[in-house]
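Asker: Just passing along the structure, written as structure tokens.
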Amino acid sequence: MIDLRSDTVTRPTEEMRTAAAEAEVGDDVYGEDPSVNELETTAASLVGKEAAMYVPSGTMGNQTAALAQTEQATSMVVEAQSHIYGWECAGLAVHGGLQPVPIDGGPDGLYGSEELEAAIVQPESHRAATGLIAVENTHNRAGGIAHPPDALGALADVAAEHEIPFHLDGARLFNAAVALDVDPAELAAPADTVMFCLSKGLGAPVGSMLAGPESVIEDARRARRLLGGGMRQAGIIAAPGLVALSEWQRLEEDHLRAARLAREIGGIGDLITSDPETNIVIVDVSRTRYDAEDFVSALADEGVRALSFGPERVRLCTHRDLDDDDIASAVERIRSAVA
Ligand SMILES: *Cc1c(COP(=O)(O)O)cnc(C)c1O
């Protein structure tokens, strides 16, 4: 089976397993796990922030960012197709008492300064004032599009003018850094807080990081506790995360393979493929006899796993557990499915 559903399916490398086995550990709820502490320090410095916190999932990273920077009965600006809005079980409302205010970012998943300005709600007796503003980079549902630092900077300027904190859901921040050939810290600079996943393309088994100012991360630790995410000897899972972080430049390989996959299956039958900027290929099946669900099951019959991404869109995601032969084989299997 060639698994192109997601970059979350990657399994830890030998080096990560060794790091896990040999990790120095302590009770992280007391701040005494040396491996977690090292991961947090390393992560913070990689994205140019004062402090960072290790969390079990990207979802918890986003939720703790919201809890740490807002008050109940306020609102939060989100992009309409973003993960934090649509794929976190209404967590903003449930945990934070927040009203999400979605802005449609269009095909590339990024709204503009004017739309942001118009969506901001000022404190007033009837209204839920904007407490936090969020963007996503790379944008998953837009097909892994990488937005450059100046695009985010323009939005951050609007946020700063209104003295509203700005959160970056950078689940795949390092993919964006590689695609744009910029320092991850430069990409994170416009944001007050940034979340990124260790468990996606970076290949670690578990966890994500939330980075930002020391005082915000301190509040986020309390929010993590509230959500039940305080962990004890978490160094066992943090140590492989450190290995993953030291190898982020290898994401380039996934991007090259995604580009090749898109190019080669784009010529098959009536499949239309996106021109991937990172590791995500979107396949449009609207001109074929399949809808997305049928196409995914036809692929599964040929030994390729993919993800339905809407009625006529399918996502294929490359990752470190796939090599060039797997891509060649996936192309052949997709050809058989379409034939
Ligand atoms: C995967 C993802 C998350 C959540 O990460 P989990 O570890 O699955 O909770 C958040 N935002 C984006 C954009 C993602 O792709």
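Asker: When you go through GLY153, GLY105 one by one, which is the residue that is touching a Gly at 6+ places or on another chain (Cβ under 9 Å) and at pLDDT 95 or above?
Answerer: GLY105
Asker: Separate question: For region 142-150, indicate whether the set of residues that are away from the ligand (no atom under 16 Å from the Cβ), open to solvent by less than 20 Å² (accessible area, probe 1.4 Å) and part of a loop (DSSP other than H, G, I, E, B) is non-empty.
Answerer: Within region 142-150 (the criterion being away from the ligand (no atom under 16 Å from the Cβ), open to solvent by less than 20 Å² (accessible area, probe 1.4 Å) and part of a loop (DSSP other than H, G, I, E, B)), the answer is no, since none of the residues qualifies.
Asker: Among the listed residues ALA300, ALA339, ALA328, ALA306, which satisfies the condition of being farther than 20 Å from LEU251 by Cβ and crowded, with 19+ Cβ neighbours inside 10 Å?
Answerer: ALA306
Asker: State which residue pairs qualify: first residue under 16 Å from ALA300 (Cα atoms) and inside region 317-339, second residue among the basic types (Lys, Arg) and surrounded by fewer than 19 Cβ atoms within 10 Å (Cβ to Cβ) in any location, beta carbons under 8 Å apart, and separation of 6 or more residues or different chains.
Answerer: Within 8 Å, the pairs are CYS317/ARG5; ILE327/ARG260.
Asker: Evaluate the following for VAL216: is it over 24 Å from LEU67 (Cα atoms), more than 11 Å from the ligand (Cβ to nearest atom) and touching an Asp or Glu at 6+ places or on another chain (Cβ under 9 Å)?
Answerer: Judged against the criteria, VAL216 is not a match.
Asker: State which residue is farthest from the chain's Cα centre (by Cα) when the search covers only region 252-272 and only residues that are of a type outside the set (D, E, K, R) and open to solvent by 40 Å² or more (accessible area, probe 1.4 Å).
Answerer: Taking the candidates together, the pick is GLY269.
Asker: Is it true that some residue in region 77-85 is under 15 Å from PRO240 (Cα atoms), within 15 Å of the ligand (Cβ to nearest atom), aliphatic (A, V, I, L, M) and within 19 Å of the chain's Cα centre (by Cα)?
Answerer: No, region 77-85 contains no residue that is under 15 Å from PRO240 (Cα atoms), within 15 Å of the ligand (Cβ to nearest atom), aliphatic (A, V, I, L, M) and within 19 Å of the chain's Cα centre (by Cα).
Asker: Is there a residue in region 26-33 that is among the aromatic types (Phe, Trp, Tyr) and either within 16 Å of the ligand (Cβ to nearest atom) or at pLDDT below 95 (or both)?
Answerer: no
Asker: Could I ask something else about it? Output the qualifying pairs, or none if there are none: Cβ atoms under 9 angstrom, residues six or more apart or on different chains, first residue in region 161-178 and touching a residue at least 24 places away in the same chain (Cβ under 8 Å) and part of a loop (DSSP other than H, G, I, E, B), second residue within 16 Å of the ligand (Cβ to nearest atom) and open to solvent by 20 Å² or more (accessible area, probe 1.4 Å).
Answerer: Taking only residues 6 or more apart or on different chains, the pairs are ALA171/HIS83; ALA171/ASN140; ALA171/LYS200; ARG172/ASN140; ARG172/LYS200.
Asker: Separate question: May I ask you to list pairs of residues, at least six apart or on different chains, whose Cβ atoms are under 8 Å apart, with the first in region 66-83 being under 19 Å from ARG222 (Cβ atoms) and the second being hydroxyl-bearing (Ser, Thr, Tyr) and within 16 Å of the ligand (Cβ to nearest atom)?
Answerer: ALA68/THR193; GLN69/THR193
Asker: Could you tell me which residue of region 273-293 is nearest to the chain's Cα centre (by Cα), considering only residues that are closer than 16 Å to LEU4 by Cα and either without any contact (Cβ under 8 Å) to a residue 12 or more places away in the chain or not in a loop (DSSP other than H, G, I, E, B) (or both)? Quick ask: steps written out before the conclusion?
Answerer: The first filter runs over region 273-293 and keeps only residues closer than 16 Å to LEU4 by Cα, leaving 273-274, 276, 278-284, 292-293.
Narrowing the set further to residues that are either without any contact (Cβ under 8 Å) to a residue 12 or more places away in the chain or not in a loop (DSSP other than H, G, I, E, B) (or both) leaves 273, 280-284, 292-293.
Numbers: THR273: 22, ILE280: 12, VAL281: 15, ILE282: 17, VAL283: 20, ASP284: 22, ALA292: 23, GLU293: 24 Å.
It comes out as ILE280.
Asker: Could you list, in sequence order, the residues of region 197-250 that are of a type in the set (S, T, N, Q) and part of a helix (DSSP H, G or I)?
Answerer: Result: SER215, SER246, GLN249.
Asker: Tell me which helices (runs of 4 or more DSSP H) are completely within region 25-113 and hold 3 or more residues being of a type in the set (A, V, I, L, M), or say none if there are none.
Answerer: Passing ranges, in order: 34-46, 58-69, 91-96.
Asker: A further question follows. Among the residues of region 181-190, is any buried (at least 24 other Cβ atoms within 10 Å of the Cβ) and touching a strand residue (DSSP E or B) at 6+ places or on another chain (Cβ under 9 Å)?
Answerer: yes
Matching residues to (1) open to solvent by 30 Å² or more (accessible area, probe 1.4 Å); (2) away from the ligand (no atom under 16 Å from the Cβ); (3) under 15 Å from HIS139 (Cα atoms):
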position: GLY58; (1), (2), (3): no, no, yes
position: GLY61; (1), (2), (3): no, no, no
position: THR74; (1), (2), (3): no, yes, no
position: LEU92; (1), (2), (3): no, no, no
position: TYR111; (1), (2), (3): no, no, yes
position: GLU115; (1), (2), (3): yes, yes, no
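Asker: Quick check: anything in region 300-308 in a helix (DSSP H, G or I) and either on the phi < 0 side of the Ramachandran plot or of a type outside the set (A, V, I, L, M) (or both)? Explain how you work it out, then say what you get.
Answerer: Going through region 300-308, the residues in a helix (DSSP H, G or I) turn out to be 300-301.
Of the ones still in play, those that are also either on the phi < 0 side of the Ramachandran plot or of a type outside the set (A, V, I, L, M) (or both) are 300-301.
Among the residues of region 300-308, at least one is in a helix (DSSP H, G or I) and either on the phi < 0 side of the Ramachandran plot or of a type outside the set (A, V, I, L, M) (or both), which makes the answer yes.
Asker: I'm checking my understanding of the structure. Among residues of region 35-56 that are within 16 Å of the ligand (Cβ to nearest atom) and over 14 Å from THR193 (Cβ atoms), which one is surrounded by the fewest Cβ atoms within 10 Å (Cβ to Cβ)?
Answerer: Step by step, filter region 35-56, then rank; the result is PRO56.
The values are calculated or read from the model by the stated rules, or taken from the named source; none is laboratory data. These numbers come from a predicted model, not from an experiment. Here Cβ is always computed from backbone atoms with ideal geometry, including for glycine, and neighbour counts include all displayed protein chains. Keep in mind that these areas ignore ligands, DNA and RNA; they rest on the heavy atoms of the full protein, side chains included. Shrake-Rupley method; radii C 1.70, N 1.55, O 1.52, S 1.80 Å.
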